[in-house]
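Trainee: First the structure, then my questions, so here it is.
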Amino acid sequence: MRSKLAAVSVGLGVFLIVAAALVRFYAYPVLANVPPDYEGTTKLEAKGAEIFNSDPDVLAPETSDLDITSFTIADSGVKAPGDTVVWVNSTTVKRVGGEDFQQTRERAPFDGKTGAAVDCAKCGSWEEVASADDFTKVDRVDVTRKGLVFKFPFATEKKDYPLWDGTLGKAVDAKFEGEEKVDGLTVYKFVQTIPDTMVETRSVPAKVFGSTETGNVEAEMWYQMTRTFWVEPTTGSPVNRVENRVQELRYDGTSVPAFTGTVQYTQAQVDDLVSDAKGNATLLGGMKLVFPGILLLLGAGLLAAGLVLGKSARQQRTARRDDKALVDA
């Protein structure tokens, strides 16, 4: 009987040890990656934002509350190399109770594990911005991105990460500033700061600046940004984001706001993201350490018990043979 129990215990122990290795080195890497069929909508808002009304009859800044909808979908049809995935994002900025203010689209390949942009010629990488006065006019520009694009890496570390900024056209470090709690969830706080920078020139009617000149003038667009992310580290998913943005048109010593305001996730969006992150982090964290550890301990225990039982059974059989030999003598 002990021999049978020993064989079962050893077999089950070996099985659990192999299962632990499969969970840690196969199941976890598969799950710690962006799904190829990802699709999601993010809701943001900007209350009391100063925006430039480009209506020819207005041509002046105005204050408005903005609703922002960001829809992202993976292009699962593209044959991207390795862990590369391709996301297409469409963002619509709408005046609360009014018409659209801005529409943009972008397509970006990136590494599904690290979140870093990937230079992939066949994947396509571009951005489109619709004209504020005519949304049928769209300019598409090819873009080669650097740094993180849509998310932080799985197993985010306590360090600085380069983060792509589309307005600036380059990556700027998002600095790690410590741990915080969001609705009971432990998150890492990162802050990206972009100082006041001239990013482009635009042809703008001179009267926008109160100038006595006629026709258009070449105005400078100046831009500064402070982005703050609260990131769940196991999944690398931001559960909250706040952007303090200042964009101004400047000409001959006069500045006119193009967009000045704070853009952030709605509270309902934060609640949803925190809820999702808690579940996903528990699953991924378990796959990385807890589940393999439990399986390994159980497997090792059963294997050890089986070996002990097997040794005991062999000793018992030997003793019986010795006793039998003595009786026969």
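The values are calculated or read from the model by the stated rules, or taken from the named source; none is laboratory data. Bear in mind that the values here come from a model prediction, so they are computed numbers and not experimental data. Cβ coordinates were reconstructed from backbone atoms using ideal geometry, including for glycine residues, and neighbour counts include every protein chain displayed. With ligands, DNA and RNA removed, areas are computed over all heavy atoms of the protein, side chains included. Shrake-Rupley method; radii C 1.70, N 1.55, O 1.52, S 1.80 Å.
Trainee: Of the heavy-atom accessible surface of the stretch 29-101 (probe 1.4 angstrom), what whole percent is carbon and sulfur? It would help to have the intermediate numbers written out before the result.
Mentor: On the way: 1890 of 3760 Å².
Using a 1.4 Å probe with all protein chains present, the stretch 29-101 comes out at 50 percent carbon and sulfur.
Trainee: Put +1 on the Cβ of each Lys and Arg and -1 on the Cβ of each Asp and Glu in the stretch 149-267; which of Gln224, Ala258, Val242 then has its Cα farthest toward the positive end of the dipole?
Mentor: Val242
Trainee: For the stretch 131-204, run through the GluC sites (Glu not before Pro) and keep only the ones in DSSP coil with at most 14 other Cβ atoms within 10 Å of their Cβ. Show your work: numbers first, answer last.
Mentor: Details: sites: Glu157, Glu177, Glu179, Glu180, Glu200; in loops: Glu157.
For GluC sites (Glu not before Pro) across the stretch 131-204 that sit outside H, G, I, E and B with at most 14 neighbouring Cβ atoms in 10 Å, the list reads Glu157.
Trainee: Another question, if that's okay. Measure up Lys43/Lys94; Lys94/Lys146; Lys113/Lys151; Lys113/Lys146 against 18 Å on the Cα-Cα distance and list the ones that go over. Walk me through the intermediate numbers first.
Mentor: Working: Lys43/Lys94 12 Å; Lys94/Lys146 29 Å; Lys113/Lys151 10 Å; Lys113/Lys146 15 Å.
Too far apart for the 18 Å limit: Lys94/Lys146.
Trainee: Let me ask something additional. Which order, highest average first, do 102-110, 267-275 follow once you tally other Cβ atoms within 10 Å for each residue and take the mean per peptide? Each step should come with its number before you reach the end.
Mentor: Values: 102-110: 20.3, 267-275: 15.8.
Top of the packing list down: 102-110, 267-275.
Trainee: In the stretch 102-172, carbon and sulfur make up what percent of the accessible area (probe 1.4 Å)?
Mentor: Working: 1680 of 3640 Å².
Looking at the stretch 102-172 in its full context, I get 46 percent from C and S.
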